[in-house]
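The values are calculated or read from the model by the stated rules, or taken from the named source; none is laboratory data. Only a predicted model underlies this, so the values are computations on that prediction, with no experimental measurement involved. Here the Cβ is made from the backbone with ideal geometry for all residues, glycine too, and neighbour counts use every protein chain on show. Heavy atoms of the whole protein, side chains included, go into the accessibility calculation; ligands, DNA and RNA do not. Shrake-Rupley method; radii C 1.70, N 1.55, O 1.52, S 1.80 Å.
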Amino acid sequence: MKLVRLVLILICGLGSMPLVAVAQDESLDGVWLSDGYGYLFEIQGSQFAFYEVTELSCIQVIEAEIVDNTIPDLGVAFRMEGDQLVVVDTMTLYITATKQDALPALCENGGTEATDDPEFNFEVLWHIFNEHYAFFDLYGVDWQAQYDQYRPQVTPETTPDELFALMSDMISPLKDGHISLSSETDDYSPGPLPEWYTEAGDEVQQYLVDYFINSDELTHAGNDLIAYKRLSDTVGYINVLTMYGYGTSAEDTRDAAGAAIDQALADLGDVET
């Protein structure tokens, strides 16, 4: 098992891309550390590199080309708000980052090299969660206790399959469907989709689109980014289609989204749920 990577959804499935010189907003240039998440962005002209960092590692996930302040294949855009870099897409992604003096030493020369060292890979995975995961209390998990239980079971002789099994067991109490662990031969999530969804996912998604996104019965607000309707005399439905795009700045977005939610709640104010 090579050095573990937890890949942000915006770059999932993409490999290296050629770098082409394109005129860029120079204010984006620099090294930027995200506020939370452990993401590091390096921008120089049209060249973009994305790293995942812990106190032990700096893993370069991709290199890409920025065109007009966006990465077209990813649908991701960059802009400045005050002295912060903001990374957004048209849906739920909104990450702010603070400028750093320089690339950390761990990230130099391409970052931490891929390795089959089972002890190091275990440490990196544990630290990724320890430094960046927010919901241990929600799931009632003592993460240090998980380390104390599973770390002694990992030795230099631990095979990739054995390591994958131990890592899976360690994260299993986190019943979170947003977590997944992947190797070249296996995949694991501690919060798998329900059986009814895996058997009829396409039909379920089409039903949701037809009746809860594109239905003529929906009322839209907030630049058509919030949709709502009354499902019955006692049940109301509100769909927040995106977390971004309500305004031209963070403050405008907050105010416009809040006004749209207030409108929906007022119109549905007499329902029970």
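Given axes a ≥ b ≥ c from the Cα gyration tensor, I'd like to know whether the range 89-143 is rounded (a/c under 1.5), prolate (a/b larger than b/c) or oblate. Taking the square roots of the gyration eigenvalues as a ≥ b ≥ c, the range 89-143 is oblate. Its Cα gyration tensor gives the chain an equivalent ellipsoid, and the semi-axes of that ellipsoid, as √(5λ) in whole Å with the largest first, are 36, 28, 17. Result for the chain in a Gaussian network model with C-alpha springs under 10 Å: among 242, 54, 198, the largest mean-square fluctuation is at 198. Our Cα-only numbers for the range 39-173 put the radius of gyration and Dmax at 17.7, 51 Å. Phi-derived couplings, Karplus 6.51 cos²θ - 1.76 cosθ + 1.60 at θ = phi - 60°, listed residue by residue for the range 34-49: 5, 7, x, 6, x, 9, 10, 10, 10, 10, 9, x, 8, 8, 10, 10 Hz, with x used for Gly and Pro.
Under the Kirkwood approximation applied to all pairs of distinct alpha-carbon atoms, what is the hydrodynamic radius of the range 139-273 in Å? All intermediate terms of the calculation are to be shown ahead of the outcome.
Numbers: mean 1/r = 0.0526 Å⁻¹.
About 19.0 Å, per the Kirkwood formula over Cα pairs.
Expressed as a whole number of Å, what is the distance separating the alpha-carbon centroids of the range 55-111 and the range 250-271? Their Cα centres are 31 Å away from one another.
In the range 47-120, the portion of solvent-accessible area held by carbon and sulfur atoms comes to 46 percent [1.4 Å probe, whole percent, DNA, RNA and ligands not counted].
Applying the Karplus relation 6.51 cos²θ - 1.76 cosθ + 1.60 with θ = phi - 60° to the range 217-224 yields 3J(HN,Hα) values of 7, 6, 9, 10, 8, x, 6, 6 Hz, where x marks Gly and Pro.
Please state the shape class of the range 198-273: rounded when a/c is under 1.5, otherwise prolate if a/b exceeds b/c and oblate if not, all from the C-alpha gyration tensor.
On the way: a/c = 2.53, a/b = 1.32, b/c = 1.91.
Oblate.
What size of dipole, in debye to the nearest 20, comes out for the chain about its Cα centre when the only charges are +1 on Lys and Arg C-beta atoms and -1 on Asp and Glu C-beta atoms? Don't jump to the answer; show the numbers that get you there.
On the way: 9 positive and 49 negative charges, 50 e Å.
The dipole magnitude comes to about 240 debye.
Nearest 0.05, what FRET efficiency do residue 162 and residue 200 give at R0 = 25 Å with Cβ-Cβ as r? The formula returns an efficiency of 0.10 here.
Per q in 0.16, 0.19, 0.21 1/Å, what log10 I(q)/I(0) does a Debye calculation on the alpha-carbon atoms of the range 116-174 return? The Cα Debye sum returns log10 ratios of -0.46, -0.64, -0.77. Stretched out straight at 0.36 nm per residue, the stretch from residue 130 to residue 231 would grow longer than its current Cα-Cα span by 32.2 nm. In terms of the Cα gyration tensor, with a ≥ b ≥ c the square roots of its eigenvalues, is the range 181-234 rounded because a/c is under 1.5, prolate because a/b exceeds b/c, or oblate? Judged from the Cα gyration tensor, the range 181-234 comes out prolate (a/c at least 1.5, a/b above b/c).
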